[in-house]
Each structure stands twice: as C-alpha cells, then as structure tokens.
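The values are calculated or read from the model by the stated rules, or taken from the named source; none is laboratory data. Since this is a predicted model, take the numbers as computed values, not measurements. Reconstructed Cβ throughout: ideal geometry from the backbone, glycine too, with neighbour counts over all protein chains shown.
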Amino acid sequence: MSNTETKEAAYKPTSPNSKLDFASVWEYAPAPQDSKFAEVKDQYDLFIGGKFVKPSKGRYFKSTNPATEEVITEFAEATQKDVDKAVKSARKAFEGEWSRISAKERGKYLFRIARMLQERAREFAVLESMDGGKPIRESRDVDIPLVAAYFFYYAGWADKLEYAFPGKKPEPYGVCGQIIPWNFPLLMLAWKIAPALAAGNTVVLKPAETTSLTALKFAELVKDCGLPDGVINIVTGAGQTGSEIVNHKDIDKVAFTGSTNVGKIIQKSLAGTDKKYTLELGGKGAMLIFEDAPIDQAVEGIINAIYFNQGHVCCAGSRLLVQEGVADKVIQKLKDRLETLIVGDPLDKNTDVGAINSKEQFETVNKYLEIGVNEGAEVYQANCDVPENGYFIRPTLFTNVSQSNRVVQEEIFGPVLTVQTFRTADEGIEKANNTPYGLANGVWTDKGSKIFKVGSQMRSGVIWANTYNKFDPTSPFGGYKESGVGREGGMHGLAAYIKN
Amino acid sequence: MAEERIDVKKTYKMYIGGDFPRSESGRTYKALDSDGNLLANACQGSRKDFRDAVKIARGAFGGWSSRSAYNRGQILYRIAEMLEDRRDQFMKELGPIGFKTAEAEADINAAIDRCIYYAGWTDKYQQVFGSINPVASSHFNFSMLEPTGVVAAFAPEKSPLLGLVSVIAPIIAGGNTCVVLASEKYPLPAISFAEVLNSSDVPGGVVNILTGFREELAEHFSTHMDVNAMCYTDNLPQEMKKLIDENASLNVKRIVKHPVEDWYDEEVQSPYFVTDFQETKTTWHPVGF
Amino acid sequence: MKYPDFNQTISIDEVGVEERVSRLNKRSIKKDSKVQALKLALSMIDHTTLEGSDSPGKVIQLCKKARQPHPAIPDLPTVAAVCVYPRMVSVAKKELKGSGIHVASVATAFPSGQAPLSQRLDDTKFAVNEGADEIDMVISRGAFLNGEFQLVFDEIAAVKEACGDAHLKVILETGELHTYENVRKASDIAMHAGADFIKTSTGKVSPAATQPVTLVMLEAIRDHYYETGKMIGMKPAGGIRTAKQAIQYLVLVKETLGAAWLNKDYFRFGASSLTNDLLMQIVKQQTGHYQSLNYFSND
C-alpha cells in the first residue's frame, strides 16, 4: 500500500456507532485435536467387584457422539440383579479390606488415581469431548485437570479427617450410591468418588446414560491403580438403574447430581428410611452488573457464565440483570462478543461452544427458544455457522423479558441468556432471589462494600464476585432452597460422607 | 372469717409474631395434669394458624439474620436471665405434670444453661466452621455459614421445657426464625416460655409457638413451600416420618432428625445442632490491582 | 468536541483481563491461516533501531532489510516502517525512497520525555522536517501519575499540531503506569488529544508490551470508535520477539476490533528481532523444515 493511500485510510471518517466487522479477512483454519490414540471399544460391560462383567439381562444401549450423531459404542444396562451385585461387592469391600487398611494408605490410593489421571489427561479429554460434545478446550483445560485436582485434594484428607470435624469422631457411612449427570461426566465422578473414598466409604456409581464412556475408562484406570476390588463399582444404565441404586436396602447414603425434578423424586423415594442423602440440583443463576462494574471483564464473565459447556451448567449465570445506566453498553458489547464465539466440532481446539449433549436436550433447548419468542422476547443469536449434522445451537440472548416469563424462571440448561434491567441494588437483589433456586449468583461492581452487601443478601451457595463459573477442589459448592442439600468440594464436602 | 379467695387462672394462648392470639379456629383441647385433672384449655392450632406463623417468621427472618452475632448472643443470654427470673412459674407448671421438685429444678437449670451455651456459640460457630479456601487461581475464596431460613419444628414430646429450649436455641442462635409445635401432652410450659421470650429482647416473629396435634399439623408443617427446614427429635411413628420426608421433597426441605433420648445429657448440645440449620455460602473474588 | 472527565476512572479488573488474554492465547493457528498471519505480521512491523550507538551505516543496513526481508522469497510483503531517532530520519528516508515503507521517528525527548515542552516540540518538528512520516512521542508519565491529566492532554495536542501531516503515535510507556486502569485512562487521553495510534512502550522500560496491556488499549480503541466513529491504530512495542507472540497479538486484534484493524494502517508491531522469527516460520511453513538463524540476515 502506498504512502498516500495509508493516510487516506487513516482519516477516512466512519459513522459513529457503526458495527464492528468480525467476519475477518483472516480466518482460523480447522485445528483438530488428534483423537486416534484414544481407544474406544465397541462395547463396555459393568465394573463390579474389580472386574468387568456382563449385564445379567444381556442388554446394551448405544451411545452417540452428539456432534456427529454417530454411534460410538454401547454400554451395558444394569438391572436390579446387577445393582444388587454391585452393592454387595461394595459392602464386602467396606467390611473387608477397605476398612482394614489405614487411612494413610487409603489416601495413597487416591493420590495414585490423581497421578494416573494426570498422565492420561489428554486421552480422557478427547473421550469426554467425543462422548459429550463439549469443546476440547474445556475438557482439556477445565474438566480433566480439575478431576485430577479433586482426587489430589481429597487424597490428603484421608488421614486427617478428625481435623475437619472438631469434637466428632468421624466415621464413614458404608456403601454410597452415587448418580451423576451428563454435563461434566468425569468431573462429577471425581466430586463424588474422591471425598467418599477419602472418608472411608465404598461406592456404587452410575454415570449418565449419554456420557458413560469416561467413567468406564476410569474403571480401567482404577484397575491399573490396584485399588481393592469392590471399593469402586460402576454400573451403567438410565433412570431405572438409578432408581435401583437409590432404593436398594443396603445403600447407606445416596449422592445425586442432576435436575431438581429428579432430585425431588429421589428425596421422596428415600422418605421414611434412615438413608442419608446429598443433592446437587438445578439453578437459575443471576448476574448483577452495576454501573461501576469493570464492564469489559463483566462481559467476558457473562460469556463464561452462560456459554461455558453449551450452558449445560447447573450454576450457569442464565439471567443477566444490568443496571439501567449501562444496559445498552453491556448488551452492545455482549452482541459483539457473541460474534467471535466459534460454534462447532468439539474436537477442534478453537471451538468455544460445542454440541448440545443429546437429541433430547437439543429439543428441550429449542422448545425454550420457541417459548421465549412466543412470550414476546426479542431474540438475538450469534451470526455464526453451525455444522449441518449434530446438535448445535447458536449462542442466544433474550432481551425484553420480564420476571414472569418462563425463559426467565425455568432452567433451560442451554446456551440461552435472558437480559433484564434494574435501577437500584435492592431491586436487583430482589429479582435475583425471586426464584425457588439458589445455587449461584454473580455480582459485578468496583465497590468492595457493595460486593459484601449484595453477596450476603443473595440467597445462594456460591457468589461469584467480579468473576463467574470458577471451580476448585478446595471450594465448597452446593445450593440453597431447591438447588440442593449439602455441599461438595472443600472441607465442607467431606461432611457428606461422614456419619453425623 | 375471710372468704376463700378464688385464684385467677391463666388463659394459655399461642405465641405468633410477638402476640398471644387464640387459634383462629376457636378450638381448644384439654391440658391435663398427671392425675388427669384439667390444668388449662390449650389452643388447638390449625393449618391457618401455622400459615400465619410462617408468614410472620418469614417476615422476621431478614431482620433477625442480619443482627450481629454478638447481638444474637446477648439476646440468647437475656432469655436465660428471664428464665432464671421466672423459675417459680416453671416450678409451678412442671410439678403437676409429673416433675418432682428436684427434677423440675434440674430441668429449669439445664434449660437456662442451654440458652447460655448457645448464646456463647453465636459468634463462634462461624469461626470454627467457616473457611478460607486456598484455590489455585488468583481469587480470594471464603466459605461462611448463613441461616437456612424459616424452620418448622416439633418440640420434644416428653421434655416440655428443656427439650423445647434445646431445639429453639440452636435454631435462632444461627439466625433462623422458627415455628415450633409445643409438646402435645404438656403444652403449657411452652406458652410460659413464650412469655419469657416476649419479655426478653427476641424480636416478635423470630420464635412462634403453636400448641396442637402433630397428627393434624405434620402434613401442613411439611408441605408448606416457604418453610426451608423441618426438625424433629422424637422417634415419630413410621407413617408420620414418611409423610414428612415425602412432603419435604416438594421444595427440597432440609429434614433435621435428631433422635434424643435424654435432654440432660450434655452430648445433645453441640455446635453441629447450629450448623444443621445453616447453609454454606462460598464467595469468590479476584485478587489484583 | 466534548471530552470525557479524565478524573473519572473506568474500572478494570486485572484478573479478568489476564484471563481473557489467556483464553485468546488458546487459539490454535494452523496451516493456511498461520501463513497468512505470519505475512500479515511481517507487513505490520515497525522495524526498529533505537540505540545510542546508531550510525548511518547501521540504519542503512536496517533499511535494506526492510525493503527485502528475505531474498529467497521475493514476493514477501515489506515491513510497514522503519523506526529511528530523529537524526537518522534523513538517512532512512533516502534509503527507503520509492519503497512505500514509512519512516517513523521517535521524538519528544525519547524515551524519558523529561525535557521542556518547547524542546520536545522542536524535536518533533525537526523529525518532520527531515521527512518522518510518523512520529512516536512519549507522554509525561510523571505528570500523569501526579494527576495532571489536562497537562498530559495539552502536550499531546501540541505535539499533534507540530506533526503537521505526519501520523502521531502516542507512547504511554505502560510499564511505568502500573495499573490497567491507568493504561486505559492514558489511552483515552491520548485518543481524545489527537493520537492516530496509541503505543505501549519505548522498549527502554521493563515490562514493555504485554498482551493484557494491549487488550486494555484495544478495548479503549473499540469504545472510542463506538463513541466517535474514529478508528485509532494500535502499536505494541518492545519484547515481541517470536512469531508465536505476534500471532497471539493478531488474535487479540481480530477478536476485539475485527477485520478493519487487521492491516498496517491500524496495527503495528514495534520490534527488531521479530522480523527474522517471522521469516523463519514462513520458510518452515513452505519447506516443512525447522529453520536456523544462520540462513537469515541479522540486520
């Protein structure tokens, strides 16, 4: 370009408030993560008593890759007889070897698991993305490192439990039945198994039917670690299998993560028994953005809050509440930011938003998109390409919504954000709390005293102040109100696995 | 010869929002002494009485939970002072329902001491059970306890004063408000205790005491959608237990079951009874310039 | 023209800025898009020498390299400009005649700026008279940290006037501003006072350019564009030595400001050793072989 041209371009007047153009002269080429090294068998059996065993009724169900709709493997369906076998083997291990070894040695098994997970991290990340549709960037940088970190953290607690419960002599429950969801398959397994084992329990765990792959790979790893047989049992199947676990008479404690609806069914089915339970359920997190907030970081926080893991996050910040004075600015910046989100192949290293986990969930989210439009909301979607096959949904904003809209009240569990405004802190807090849920909320302001006041008035188990969707094994997590009972993570998470 | 004086009997009403109303239903039942003689007509609290009490307890929650821990401790201590001051009243009430003098004295002593025990915990449980969590990222992360909200409780049937105090104190020490159903058979000490509360500095609505029948009220206690937790310490009939547990699932109510045989045992007083009615809140904030 | 109240601070969260950069750094740039980025980065370089020991000979060599970065690949883009001290402007100007490569000169008592304003203006006028197409000035950081924002603004405006037709790049010397909020404020002052470009660093202070600082400045440019419709350019300078870093900066620009800024009119790298690393990577992409500096001229 010549000298004169340069000058003309520099002074070329452009109209104020014209839109930025993110359709670039420079596009990223596909950057696929190598996946060939991650072995997937055609079929997986149940992991009971340290062995892989065929399901008693011989039934298997298929698992598909939500990004391609192709079948990748099939899992055994555990029925009542299989669950009984798993519980018996867990009981035998609890009364036998697992209780006999010292707490210190118990901890060392967990350390060993943590290390081996770190060694095979990339393999697990690839499988997690293939099976569940989450971007490899997240499974590689968030899920799997955290899985190892949770095991590492709880490993150290095994021989130090009395320091976590002053005045008590901590004792394990016995056999724990654990049921986990499909949004963070291996991470939820870690949240369940690591503290349970550290406290001296044995477990029967059921992964979600759409995302069982990494749990069974984990079972292989457990074998490699030489853990005593029966300490960890993994049974696959759908709701019926879960119900067999919950209702098995020899289960001492039930730990469930999933929807509030299913959580209520579990709580109800445990009625009248002495089984203990912890529930980690749904949410409808609000983010309060005040006028004095660091706006650009807040916008990035919103992106992490709702488009992380396709919005399949129980603590997702799915309701944005912006103070009126900055509402236009925030929405404008949010729309700009949506344009740079890359939706597509979960195994591409540049993908920001992957595939919706299953056909069923894809239909649910689409149903809510329709509901939102019918309720009169203004819809804005990222102007991006999505693959033809697979379950993909463009990151979505709903503006012009109110507290009474279903899209504002109900957990969508997808990449859908609603935007409302507020004038005063009191009004913002009132809107944030105006829900039966209470898992997580966010607040964005530059003023320290405001953070403490707003944070203390929002009724939820997690407050993310000037950040969102952060997780750490030392940090307790769990809900108020209908978002659950009990905590996972941190010292408080141990209480879920200790007799009271 | 002087005429024999007719003593004036107290009308026992319920305690809701700092007032002593009768049941809206107008119903009463007979509270008897251990020989089967009428002591008083107790109110037979109804579904609507419970509804009113929950509404008031919810209204009182914001104020009570935001009192300083120091202030709540002082108020619990004040309850102990008032209780001490009214020993004679409780001696008179416990005697006819089967407490020997020494037993009644022990019961009142223990009840007073229990208030003081929990008064001392108000500004300490947070330090013992809260935490600062060393997360791996550049964030300051801490967990603190916050009250669960409105608690509905069945007071112990066989320990009409000490048991009642032992249940109420940890609930309110942690900033919750509550609606408590008094011992069905021996409801009167609970109402007298309400007078103690009313003459101490407990804000109206923080503790609400109903009298009436568990069989009738269990359903309403456990189904109310604005009740966050329900507590009972007796071994309830299996059917009632199941009913309460099942109904609790309507809004994921926390069920706190604390089977207690002997309320004199110091083992039953514990900070864990406070934390049973607490939620852990974890806050994250970046650390930077 | 209405200016914002520079005493008001726009709040910026340090951890949030750094997290955003770390996420942008995870973009994986491969194959064609990498080659395109390498060439783009090469075309955006202000090939720089700013040493006390600079001589006409050194500057001439630098200019030759600017014109022909790597003879083995003749169709490569040239760098955008060479950047020298005022006394070397006439040498560079002569050497680059007809190439389309600009001559940029630091001025205003670079790098400290600690001279009377009149001298700094003379310095600027001298460089412009010698033929500089672009002037890289430094702001008065002492005055800025002292809260004398109007003074900083007025000085920039005066230098801008002294520049005449030459483009003005305003160096904030972010390494001396300490906080992102200061960087943001200095960016706003500079843009409102007439900067055509805002630039991170002189290269004489550590830290020099960093990606988080650059992101904060790009976001300031974005907000300025939305408010005024005026596009301001961005120049990180100092410490950018590798092709990998350069591509990361381009990702920042692409995802913050979009296509319009992805050219040398609106984005520059102030660098010296970056050129050869880009060349090595370009050759590696062509041949598939990792390269050695022995095959690249070190001017």
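Remarks
- Looking across the stretch C:250-282 at every residue that is polar (S, T, N, Q) and at the interface with another protein chain (Cβ under 9 Å from one of its Cβ atoms), the one that is surrounded by the most Cβ atoms within 10 Å (Cβ to Cβ) is identified as C:T256.
- Single condition B:N228 does not satisfy, out of (1) within 16 Å of the chain's Cα centre (by Cα); (2) within 28 Å of B:S34 (Cβ to Cβ); (3) within 14 Å of chain A (Cβ to nearest Cβ); (4) not aliphatic (A, V, I, L, M): (2)
- Those residues of the stretch B:238-266 which are in a helix (DSSP H, G or I) and modelled with pLDDT of 95 or more, in sequence order: B:Q238, B:E239, B:M240, B:K241, B:K242, B:L243, B:I244, B:D245, B:E246, B:N247, B:A248
- Scanning the stretch C:5-63 for residues that are more than 10 Å from chain A (Cβ to nearest Cβ), in a helix (DSSP H, G or I) and free of Cβ contacts under 8 Å to residues at least 60 places away in the same chain yields a total of 6.
- Residues of the stretch B:115-167 that turn out to be closer than 15 Å to B:G73 by Cβ and surrounded by 24 or more Cβ atoms within 10 Å (Cβ to Cβ), as a count: 4
- Residues in the stretch C:192-212 that are under 23 Å from C:K160 (Cβ atoms) and within 13 Å of another protein chain (Cβ to nearest Cβ): 4 in all.
- Test: residue in the stretch C:126-136 that is assigned to a loop (DSSP other than H, G, I, E, B) and either exposed (fewer than 15 other Cβ atoms within 10 Å of the Cβ) or among the small types (G, A, S) (or both): yes
- Here the condition is being out of contact with any Lys or Arg (no Cβ under 7 Å at 6 or more places or on another chain), at negative phi and surrounded by 14 or more Cβ atoms within 10 Å (Cβ to Cβ); of C:K26, C:K34, it holds for C:K34 alone.
- Residue satisfying all of: in the stretch A:417-468; in contact with an Asp or Glu (Cβ under 6 Å, 6 or more places away or on another chain) and among the polar types (S, T, N, Q); farthest from B:V252 (Cα to Cα) among these: A:T445
- Residues of the stretch A:20-45 that are in contact with a Phe, Trp or Tyr (Cβ under 7 Å, 6 or more places away or on another chain) and either outside any loop (DSSP other than H, G, I, E, B) or among the aliphatic types (A, V, I, L, M) (or both): A:Q43, A:Y44.
- When the stretch A:376-434 is filtered for residues that are touching a helix residue (DSSP H, G or I) at 6+ places or on another chain (Cβ under 9 Å), of a type in the set (S, T, N, Q) and over 26 Å from A:S456 (Cβ atoms), the ones remaining, listed by number, are A:Q381, A:N383, A:T396, A:T399, A:S402, A:N405.
Residue by residue, here is whether (1) out of contact with any Leu (no Cβ under 9 Å at 6 or more places or on another chain); (2) surrounded by fewer than 24 Cβ atoms within 10 Å (Cβ to Cβ); (3) among the small types (G, A, S) holds:
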| residue | (1), (2), (3) |
| --- | --- |
| B:G174 | no, no, yes |
| B:T177 | yes, no, no |
| B:S183 | no, no, yes |
| B:A190 | no, no, yes |
| B:S200 | no, yes, yes |
| B:A218 | no, yes, yes |
| B:F221 | no, no, no |
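- Boolean, A:T467 is at the interface with chain B (Cβ under 7 Å from one of its Cβ atoms) and buried (at least 24 other Cβ atoms within 10 Å of the Cβ): yes
- Residues of the stretch C:148-207 satisfying the condition of being out of contact with any His (no Cβ under 9 Å at 6 or more places or on another chain) and among the hydroxyl-bearing types (S, T, Y): C:T174, C:T179, C:Y180, C:T200, C:S201, C:T202, C:S206
- Exactly one residue out of A:A76, A:A90, A:A31 is under 29 Å from the mean Cα position of the chain (by Cα), within 14 Å of chain C (Cβ to nearest Cβ) and modelled with pLDDT of 95 or more, and it is A:A31.
- Any hit, the stretch C:142-154, residues being in contact with a strand residue (DSSP E or B) (Cβ under 8 Å, 6 or more places away or on another chain) and more than 22 Å from C:K93 (Cα to Cα): no
- Some residue of the stretch B:62-78 being of a type in the set (A, V, I, L, M), touching a residue at least 60 places away in the same chain (Cβ under 8 Å), closer than 23 Å to B:I171 by Cα and buried (at least 19 other Cβ atoms within 10 Å of the Cβ): yes
Matching residues to (1) under 23 Å from A:N466 (Cα atoms); (2) assigned by TED's automatic domain parsing to the domain that holds A:L187; (3) outside any helix (DSSP H, G or I):
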position	(1), (2), (3)
A:D296	yes, no, no
A:N309	yes, no, no
A:A327	yes, no, no
A:Q332	yes, no, no
A:L338	yes, no, no
A:F362	no, no, no
A:E370	no, no, no
A:V373	no, no, no
A:E388	no, no, yes
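Residue-wise test of (1) part of a helix (DSSP H, G or I); (2) closer than 18 Å to B:V180 by Cα.
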site	(1), (2)
B:P21	no, yes
B:G26	no, no
B:F61	yes, yes
B:N71	yes, no
B:E84	yes, no
B:P96	yes, no
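- The stretch A:55-67 - residue that is out of contact with any helix residue (DSSP H, G or I) (no Cβ under 9 Å at 6 or more places or on another chain) and part of a loop (DSSP other than H, G, I, E, B) and, of those, nearest to the other protein chains (Cβ to nearest Cβ): A:R59
- Within the stretch A:276-302, residues that are in contact (Cβ under 8 Å) with a residue 60 or more places away in the chain and more than 14 Å from chain C (Cβ to nearest Cβ) have Cβ atoms under 9 Å from residues that are among the basic types (K, R) and in a loop (DSSP other than H, G, I, E, B) in these pairs: A:K276/A:K499; A:T278/A:R487; A:E280/A:R487, counting only partners at least 6 apart in sequence or on another chain.
- Of all residues in the stretch A:66-81, those that are under 19 Å from A:P207 (Cα atoms) and either free of Cβ contacts under 8 Å to residues at least 24 places away in the same chain or crowded, with 21+ Cβ neighbours inside 10 Å (or both) total 6.
- Within the stretch B:236-289, considering residues that are facing another protein chain (nearest Cβ under 8 Å) and among the basic types (K, R), the one surrounded by the most Cβ atoms within 10 Å (Cβ to Cβ): B:K281
- Test: residue in the stretch A:347-363 that is farther than 21 Å from A:E388 by Cβ, in contact (Cβ under 8 Å) with a residue 60 or more places away in the chain and more than 10 Å from chain C (Cβ to nearest Cβ): no
- Filter result (more than 8 Å from chain A (Cβ to nearest Cβ) and not in a loop (DSSP other than H, G, I, E, B)) within the stretch B:113-128: B:D113, B:R114, B:C115, B:I116, B:Y117, B:Y118, B:A119, B:G120, B:W121, B:Y125, B:Q126, B:Q127
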